[in-house]
Amino acid sequence: MRFMYIVVFLMISLVTMPIEAKSFARSDISFSSDEMVRGDVILINIKAGDGETPRITWMKKDVSLVLNPARSLWQGFLAADLNSKPGRYQVLVEMPSSDVKEQFDIQVNDMDYGVRNLTLPKEKVELDAESLKRVKEETAVISALWSAQKPIPAWKGNFLMPVDGEIAGTFGKRSVINNLERSPHSGLDQKGETGELVRAINNGKVALVADHFFTGNSMFVDHGGGIISMYFHLDKILVKEGDTVDKGQTIGLVGATGRVTGPHLHWGVRVNGARVNPLTLIDLSRGLEE
Ligand SMILES: [Zn+2]
């Protein structure tokens, strides 16, 4: 008799018990590393159902995440700009549906990327008033791209190299041009012949096509979620602003436009406005599923 009571009680409990959401634990959050150097990115992984959309705050900005539904895994990149001050920075992970807040420390270290010495024609370095005005206007147009509202991620899976050429200029080097300290090298130079095909490194939308003083024929592709890639000194640009591009699609041709010493592709990536080493992004994205 007593046994029956228990069975009935259990049956009623099962019917009336609210279905609990899967509780979220700190151990559901992991990072590819808990330290990085300035100009680097790390990957954040969060195990949560697609009913839960985690919110990440890093260096005072929201970080967009991409959901891998098969594995109930949210993934995204935390970036430290090339000029970030070394130190400990906090990542805040919030699960709005369960009121969970977890904080983690990430160490950003200094890095010696080396120096490059360049000799260029005087008029390409010491700008006259007209060129200076042009460069200022161009800088403002580009800055607006970094601060624009970031659309939903269009990028998926791994990022590609835009060309196959040998790396001729690495990321992050201090630049000494005609014996004067200039902005550091915020992208990657790859060798290439004029006319060689340039591929989009991931899916996205063409955000800007322009002919700029330093970077010549320039193109910016917005991959969504705060990731923007750029391709400079192009001979020709084969897409228009607003065009949607697929990963691997030919978007331009290698050239020698702008301030260059010869044909090559300079390309770079910004993640949430931060200038980061494109090779790190490519390496870290290798394991991401489509
Ligand atoms: Zn370059």
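No value in this document is a laboratory result; all are computed from the given coordinates. Computed from a prediction, not measured in an experiment: that's the story for all the values here. Counting neighbours? That spans all protein chains shown, and the Cβs are built from the backbone with ideal geometry, glycine included.
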Starting from the 7 Å offset along Cα-to-Cβ, what nm value, one decimal, do you get for the label separation of Ala25 and Arg71?
1.9 nm
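Using the Kirkwood radius over Cα pairs, work out the Stokes-Einstein diffusion coefficient for segment 155-290 at 4 °C and 1.567 mPa s, in µm²/s as a whole number. Kindly include the intermediate steps, with their values, before the conclusion.
Working: Rh = 14.9 Å.
Rounded to a whole number, D works out at 87 µm²/s.
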Which of Lys47/Lys156; Lys85/Lys156; Lys60/Lys136; Lys124/Lys173 have a Cα-Cα distance over 23 Å?
Lys85/Lys156; Lys60/Lys136
Plugging the Cβ-Cβ distance of Leu120 and Glu35 into 1/(1 + (r/R0)^6) at R0 = 45 Å yields, to the nearest 0.05, a FRET efficiency of 0.75
Given all pairs of different Cα atoms, what value in angstroms does the Kirkwood hydrodynamic radius of the chain take?
21.1 Å
Using the beta-carbon distance between Thr170 and Asp243 and R0 = 30 Å, what value does 1/(1 + (r/R0)^6) give for FRET efficiency, to the nearest 0.05?
0.50
Among the chymotrypsin sites (Phe, Trp or Tyr not before Pro) in segment 201-290, which ones are in a DSSP loop with at most 10 other Cβ atoms within 10 Å of the Cβ? Mind listing them?
none
For the chain, set up a Gaussian network in which alpha carbons nearer than 10 Å are linked by springs, and say which option among Arg182, Arg55, Arg270 fluctuates the most.
Arg182
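Per-residue counts of other Cβ atoms within 10 Å, averaged by peptide: what ranking do you get for 66-76, 118-128, highest first?
Answer by packing, highest mean first, reads 66-76, 118-128.
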Determine the distance separating the Cα centre of segment 214-272 from the Cα centre of segment 146-196; give it in Å without decimals.
9 Å
Kyte-Doolittle mean at least -1.0, axial Cα span of 15 Å or more - DSSP H helices of the chain
2-16, 129-147
